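Asker: Following this message is one structure expressed as structure tokens.
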Amino acid sequence: MNIYGQVIRIMAEILKVNEEQIGEDTAIGDIPTWDSLSHLSIISTIEKEFGIQFTPDVVMDLEDVSDFVNAIEDRVGK
């Protein structure tokens, strides 16, 4: 599974929605269950799953799916 697919799977699981409801441009606030608490859970889960750590500056810029994918790619070198 590619990074995008893994991010979608993680988000769908945490937000309790179908993966089809999440796209590249889906952002915090687009899904009712995507609130500040679930946002932190997404960040934490992604960090654990990919073995990475986001800096506070990066965390502040994580607003949609593509932001997450790009930030992960920057850290895992893919």
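Only the coordinates and a few stated rules stand behind these numbers; no lab work does. Not measured: the values here are computed from a predicted model.
Asker: Could you tell me what fraction of 2.2 N^0.38 Å the Cα radius of gyration of the chain comes to, as a two-decimal ratio? Write out the running numbers ahead of the final one.
Answerer: Working: Rg = 11.3 Å, N = 78, 2.2 N^0.38 = 11.5 Å.
That works out to 0.98 for the chain.
Asker: OK, next. Divide by every residue of the chain the summed helix terms, -39500 (n - 2.57) for each DSSP H run of at least 4, and state the resulting mean residue ellipticity at 222 nm, rounded to the nearest 500 deg cm²/dmol. Mind showing how you got there, number by number?
Answerer: Details: 4 runs with 46 residues, N = 78.
My calculation for the chain gives -18000 deg cm²/dmol from helical runs alone.
Asker: So what's the angle, to the nearest 10 degrees on a 0 to 90 scale, between helix 65-76 and the longest Cα principal axis of the chain?
Answerer: Once rounded, one gets 20 degrees.
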